[in-house]
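No value in this document is a laboratory result; all are computed from the given coordinates. Remember, predicted model here, so these are calculated numbers, not experimental data. Cβ coordinates were reconstructed from backbone atoms using ideal geometry, including for glycine residues, and neighbour counts include every protein chain displayed.
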Amino acid sequence: MDFAALIPIAAVVVGIPGFVAFVALLAGHARKMKELAIRDKELQLGGSDMALGPAVDALRDDLDATRAQMAEMRERLDFAERLLTAGNPPRVS
């Protein structure tokens, strides 16, 4: 029996799944490295949370004030729309 003819077949049968497994392991390793890098960044930024606290609180206060102003403007717009659709023009003195 001539085993020389089986060597290329064995190389393909073993090589392709081996290559696919290697690429899968490499992709998994790359994903884990990205996760570790993200966790490292989170830990680094975690120490500066105390410095960001007042800025975040100020932004929340500004956002709340903007929401209150928008609610008031909506009420005024609704009132103006009701006046316009009522058909009675307001009297200007």
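Brief remarks follow.
- Estimated Rh, the stretch 1-46: Kirkwood, alpha-carbon pairs, angstrom: 13.5
- Using a Förster distance of 35 Å, the FRET efficiency for Leu25-Phe3 (Cβ separation, nearest 0.05): 0.70
- Potential lengthening of the chain between Glu75 and Glu42 amounts to 7.6 nm, from the contour at 0.36 nm per residue minus the alpha-carbon distance.
- Full extension of the chain between Asp61 and Arg82 yields a length gain of 4.4 nm, computed as 0.36 nm times the residue separation minus the alpha carbon distance.
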